[in-house]
Amino acid sequence: MTNKKAFIFDLDGVIVDTARYHFLAWQKLAQQLGIEFTPEHNEHLKGVSRVRSLEIILNLGNIQASQEEKDKWLFDKNELYLSYIVDMDQSELLPGVLDVLKFLKANNQYIALGSASKNARPILEKTDIMQYFDAVVDGNDVTNAKPDPEVFLRACQLVFVAPDDSIVFEDSLAGIQAANSARMKSIGIGDKEILHEAEFNFPNFTRINEQFLRSLIDA
Ligand code: B16
Ligand code: MG
């Protein structure tokens, strides 16, 4: 019998360290608007859509704005973010990610992306890992942001695998909650205290060994 599971990866903060670029770009905008924006505040933006992220920041500063102003700030933030990732290459993959992708592929498993980012596809191309993915679902494909499970449910549907045969790697609490509400196995990558709702926690992919991956495949 062959076990084929769907391994669904978040992008920012899981595959690449773009979470810090998002933070720097939002921090610059917040500064311009006179809003204090700390790494603690930034935790609430992880896994959250661009539009919702701006709303959270404006709420922090109690700022009301017209749609025109908001659209300009969203555009400016994204331009700055894109300038940070323009030269990105495979060296920016987070430690251990490539080994896990290679192991899953060698063991005939489905691999999918489930990201809130609208910049996900170019990042997979720049880092030269697109060929590992059987399905890509990103911020252009979904209407409901994490913690809604839509992004992960669409990813497992694309590879015809049931949610309870799917495993999600996530660095945000919203993403862990999305995986849990889809009844998928949730694996937190990063701070265990923040990601305490995950079924398993690892500080990074170098701590995930083949024995653990095999146990997920055989479960
Ligand atoms: P963009 P993920 C998310 O990606 C980020 O965690 C979040 O900080 C960002 O605001 C969101 O993508 C939208 O990104 O502005 O590129 O469309 O973690 O779900 O891969
Ligand atoms: Mg993330």
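The values are calculated or read from the model by the stated rules, or taken from the named source; none is laboratory data. Treat the numbers as computed from the prediction; the structure is a model and nothing was measured. For neighbour counting, all protein chains shown are included, and Cβ atoms are generated from backbone atoms with ideal geometry for every residue, glycine included. Heads up: the accessible areas ignore ligands, DNA and RNA and are worked out on the full protein's heavy atoms, side chains in. Shrake-Rupley method; radii C 1.70, N 1.55, O 1.52, S 1.80 Å.
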Whole-angstrom Cα spans of the range 92-214 along principal axes, big to small: 33, 32, 27
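What Kirkwood radius, in Å to one decimal, follows from the Cα pairs of the range 19-85?
On the way: mean 1/r = 0.0847 Å⁻¹.
11.8 Å is the Kirkwood radius here.
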Potential extension, Glu193-Arg207 segment - 0.36 nm per residue separation minus Cα distance: 3.3 nm
Virtual spin-label span in nm between Lys70 and Ala106, 7 Å along Cα→Cβ: 4.9 nm
Percent carbon-and-sulfur accessible area, the chain, ignoring ligands, DNA and RNA, probe 1.4 Å: 48 percent
The chain, accessible area per residue, ligands and nucleic acids excluded (1.4 Å, Å²): 49 Å²
For the chain, built as a Gaussian network whose Cα springs stay under 10 Å, the top-fluctuating residue of Phe23, Phe169, Phe160: Phe160
C-alpha center-to-center spacing [the range 84-135, the range 177-219] in angstrom: 18 Å
Under 16 Å, Cα to Cα: Lys pairs in the chain, sequence gap 8 or more or different chains: 17
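Taking the Cα centre of the chain as origin, sum charge times position over the Cβ atoms of Lys and Arg (+1) and Asp and Glu (-1), and report the length of that vector in debye to the nearest 20. List each step's numbers first, then the result.
Working: 22 positive and 33 negative charges, 73 e Å.
For the chain, the charge dipole is close to 360 debye.
Per residue, what volume in Å³ does the convex hull of the Cα atoms of the chain enclose? Write out the running numbers ahead of the final one.
Details: hull volume 24.3 nm³, N = 219.
Each residue corresponds to 111 Å³ of Cα convex hull volume.
Between Asp134 and Asp218, what's the calculated FRET efficiency when r is the beta-carbon distance and R0 is 30 Å? Round to 0.05. Walk me through the numbers on the way to the answer.
Values: r = 20 Å, r/R0 = 0.66.
For Asp134 and Asp218, the calculated efficiency is 0.90.
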